[in-house]
1. Just from its helices, what would the mean residue ellipticity at 222 nm be for the chain, if runs of 4 or more DSSP H residues each count -39500 (n - 2.57) and the sum is divided by every residue, rounded to the nearest 500 deg cm²/dmol?
2. Compute the distance in nm between two label points, each set 7 Å from the Cα along the Cα-to-Cβ direction, one at residue 162 and one at residue 79.
3. May I ask you to compute the full-extension gain from residue 286 to residue 198, defined as 0.36 nm times their residue separation minus their alpha-carbon distance, rounded to one decimal in nm?
4. What residue among 94, 171, 123 has the largest mean-square fluctuation in a Gaussian network model of the chain, using Cα springs under 10 Å?
5. Compute the FRET efficiency between residue 184 and residue 61 as 1/(1 + (r/R0)^6), taking r as their Cβ-Cβ distance and R0 = 41 Å, and round to the nearest 0.05.
6. Quote the FRET efficiency, to the nearest 0.05, computed for residue 71 versus residue 260 with a Förster distance R0 of 22 Å and r equal to the Cβ-Cβ distance.
7. Take the alpha carbon gyration tensor of the chain, find the square roots of its eigenvalues, order them as a ≥ b ≥ c, and report rounded if a/c is under 1.5; if not, report prolate when a/b exceeds b/c, else oblate.
8. So what is the relative contact order of the chain, in percent, for Cα pairs below 8 Å that sit 6 or more residues apart?
């Protein structure tokens, strides 16, 4: 858990409802202004909470995927009336398809950024708390995956660094030796993973996991601030859903781009919804700095 994040200290139910809402809206809203709102706040909060890790993911994965989606779409989708030029195969390259590809890249980007934020906030213990009684096996599986991936990556780096020190890395030797070194590294990591899974299974069995009548303990409790934030999220969800089903978020890209008619009240509601974790973190940081200045 990101201990510097105030939103990470809220109740897991509040966090799960919030991220489910913003990820759902990020995936299905096609209005470009609202996509921009989601993209700005998801990117800002991911960088604010994840710092260098989030920035690295943004530059190395999300930004290239955004550009790739934006460029590939007009190469295969030739709908639209505004022809910019013709491709070598004779198909038109239209402005509408280029804009739609950029919007699709924005949808992908803000969805992935909200998932990154979710990864920083929703830890394995919170997932088990939420779904342990409903689907204990699934919750355990998800929590183990979230915990296992960084451990596997860390162990892979350890094995590779150890073999690099003795000249047996995947960059050492000729082509055949590099392949052999890579196989040995992967083999060592897989063997460690299998031994770790057996140890985990034995530990769970010894603790009585899955037995009928087994009790559980958690430190999570609903507080007044959780209720307030949950009310804000609920009002925001209802407002956005009302706007979506009433046609306030409809937008067409083909055959021509629709005129953007901004619904200011609906946009304000969406801004407030997307800004909830960022505002809570910034407010707590300002409060902490103000307290420090009085000491």
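Please treat every number below as a calculation from the coordinates, not as lab data. Small disclaimer: the values here were computed from a predicted structure and weren't measured. Counting neighbours? That spans all protein chains shown, and the Cβs are built from the backbone with ideal geometry, glycine included.
1. Numbers: 10 runs with 206 residues, N = 295.
Helix contribution divided over all residues of the chain: -24000 deg cm²/dmol.
2. 5.6 nm
3. Stretched out fully, the residue 286 to residue 198 stretch lengthens by 27.0 nm.
4. Sorting by GNM fluctuation, first place goes to 171.
5. On the way: r = 28 Å, r/R0 = 0.69.
That gives a FRET efficiency of 0.90.
6. Details: r = 23 Å, r/R0 = 1.06.
That pair, residue 71 with residue 260, gives E of 0.40.
7. On the way: a/c = 1.98, a/b = 1.17, b/c = 1.70.
It comes out oblate by the Cα gyration axes.
8. Values: 279 pairs, mean separation 78.9, N = 295.
It rounds to 27 percent for the chain.
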